[in-house]
Amino acid sequence: MMHHAQSIARLITELGKLPGVGPKTAQRLTYHLLNSPRENSLALSKAIREAVDKVTYCSVCSNFTDIDPCFICRDEKRDKSIICVVEEPGDIVAIEKTREYKGHYHVLQGIISPIDGIGPEQLKVKELLARITHQPKDNLEVIIALGSSVEGEATSMYLAKILRPLGIKVTRIAHGLPVGGALEYADEVTLAKAFEGRIELF
């Protein structure tokens, strides 16, 4: 038995596909949008469409961007001799909030997870290696800033294994982060201290 008009049911279904949004939350969001002034709901719709149409991945670091290269890669004031490797674009936002890191980034677009069928070939590892080969090796440091889950640890060790033979200093942020925690949920002070206490990987 259908409890909603077809268009309402479709909106509930689509909203329910968002992470962390269950059926009840999707229904509440739908009713909120329908009860809001028309211009507010249309503005949201326009913003979503514009983001989907204009946002892509930076050709250098794989961060989300609407210009290419992204504004971080374009910034001449940032230290090109340091590349911070993160899992997802959201991790860059978390690190930038600390206002402590002044280098560049590389987004892997995931971490190694055999149970999910994700290996190094599904990540932006080849792109990272390509970046490094085109940069002077003197004083080049790669900071691995992945979460401390089993998958994060495995990915960190894999990266260290392939990067160290290239004569690059490879460090990882200190474990001030909770075990199993995602980087994007850490507070600014914890992240800043983790960068200060980073250790070299062997």
Handout entry: Theoretical ellipticity at 222 nm over the chain - DSSP helices of four or more residues, -39500 (n - 2.57) apiece, nearest 500
Key = -12500 deg cm²/dmol
Exercise for the section: Restricting things to alpha carbons, tell me how big the stretch 61-149 is in terms of Rg and Dmax, in Å. Expected result: 13.2, 41
Fill in the blank from the handout: Hits for the chain under the membrane-span-like helix rule (DSSP H, Cα axial span at least 15 Å, Kyte-Doolittle mean at least 1.0) are none
Fill in the blank from the handout: For the chain, the percent of accessible surface on carbon and sulfur atoms (probe 1.4 angstrom, ligands and nucleic acids excluded) is 57 percent
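Can you figure out the FRET efficiency of His3 with Ile132, using R₀ = 45 Å and their beta-carbon distance, to the nearest 0.05?
Values: r = 56 Å, r/R0 = 1.25.
Plugging the Cβ-Cβ distance into 1/(1 + (r/R0)^6) gives 0.20.
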Problem - Sites Asn139 and Thr13, calculated FRET efficiency, Cβ-Cβ separation with R0 45 Å, nearest 0.05 - result: 0.30
Practice task
Take peptides 45-56, 78-89, 96-107, 29-40 and line them up by average Cβ neighbours within 10 Å, highest first, as a rough protection proxy.
Solution key: 78-89, 96-107, 29-40, 45-56
Exercise for the section: Pull up the cross-link candidates among the aspartates and glutamates for Lys126, meaning alpha carbon to alpha carbon under 16 Å and not fewer than 8 places away within one chain. Expected result: Glu87
Practice task
Filter the cross-link list Lys77/Lys97; Lys124/Lys161; Lys77/Lys161; Lys80/Lys124; Lys102/Lys169 down to pairs whose alpha-carbon distance in this structure exceeds 23 Å.
Solution key: Lys77/Lys161
Practice task
For Leu166 and Glu50, compute 0.36 nm times the residue count separating them, minus their Cα-Cα distance, and round to one decimal in nm.
Solution key: 37.6 nm
Completion exercise
Nearest-0.05 FRET efficiency for Asp68 and Ala43 at R0 = 25 Å, using Cβ-Cβ distance, is 0.45
Practice task
Using the heavy atoms of the protein chains and a 1.4 angstrom probe, tell me the accessible area per residue for the chain in square angstrom.
Solution key: 62 Å²
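The values are calculated or read from the model by the stated rules, or taken from the named source; none is laboratory data. The structure displayed is predicted, hence computed values, not measured ones. Backbone-built Cβ (ideal geometry, glycine too); neighbour counts: all protein chains shown. Surface accessibility is based on the protein's heavy atoms, side chains included, excluding ligands, DNA and RNA. Shrake-Rupley method; radii C 1.70, N 1.55, O 1.52, S 1.80 Å.
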